[in-house]
1. From the list Gly29, Gly39, exactly one residue is in contact with an Asp or Glu (Cβ under 9 Å, 6 or more places away or on another chain), at positive phi and of a type outside the set (S, T, N, Q). Which is it?
2. Across the range 5-21, what is the total count of residues that are surrounded by 15 or more Cβ atoms within 10 Å (Cβ to Cβ) and in contact (Cβ under 8 Å) with a residue 40 or more places away in the chain?
3. Criterion first (at pLDDT below 95 and touching an Asp or Glu at 6+ places or on another chain (Cβ under 8 Å)) does His77 satisfy it?
4. If I ask for residues that are surrounded by fewer than 16 Cβ atoms within 10 Å (Cβ to Cβ), polar (S, T, N, Q) and in a strand (DSSP E or B), which ones from the range 36-57 would you list?
5. What number of residues within the range 9-26 satisfy the criterion of being within 18 Å of Phe67 (Cβ to Cβ), touching a strand residue (DSSP E or B) at 6+ places or on another chain (Cβ under 8 Å) and in a loop (DSSP other than H, G, I, E, B)?
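The values are calculated or read from the model by the stated rules, or taken from the named source; none is laboratory data. Just so you know, these numbers come straight off a predicted model, no measurement behind them. Ideal geometry is used to build each Cβ from the backbone, glycine not excepted, and the neighbour counts take in all protein chains shown.
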Amino acid sequence: MRLPIRNYLTTPLTIFIEPVCDQYEIPAGGEAIVTLDDGHQHSIDIHPENWVSIWNEGPDWATVEIFNEHQFSKLEHQKK
């Protein structure tokens, strides 16, 4: 499962991948693509201090790609 997380804030947004506590920072105006195992329950907690925790319940490690700008909106425009 690919989960895009877009940061529309004017400040960086921190993502924690639990239960291993891997930490990533999405720059203001940026985007992260979090890839998790299909077929498992995962959860997202949003915290008011500009951070998000994603609970990876699958057996494999999550992967996170960070981009300085929104990638998915560009892909949608390119398809048209």
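1. Gly29 is the lone residue from the list that is in contact with an Asp or Glu (Cβ under 9 Å, 6 or more places away or on another chain), at positive phi and of a type outside the set (S, T, N, Q).
2. Qualifying residue count, the range 5-21: 4.
3. no
4. Ser43
5. Residues flagged as within 18 Å of Phe67 (Cβ to Cβ), touching a strand residue (DSSP E or B) at 6+ places or on another chain (Cβ under 8 Å) and in a loop (DSSP other than H, G, I, E, B) within the range 9-26 amount to 1.
The rows are residues; the columns are (1) modelled with pLDDT of 95 or more; (2) among the hydroxyl-bearing types (Ser, Thr, Tyr); (3) under 12 Å from the mean Cα position of the chain (by Cα).
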residue: Arg6; (1), (2), (3): no, no, yes
residue: Thr10; (1), (2), (3): no, yes, no
residue: Thr14; (1), (2), (3): yes, yes, yes
residue: Gln23; (1), (2), (3): yes, no, yes
residue: His40; (1), (2), (3): no, no, no
residue: Trp61; (1), (2), (3): no, no, no
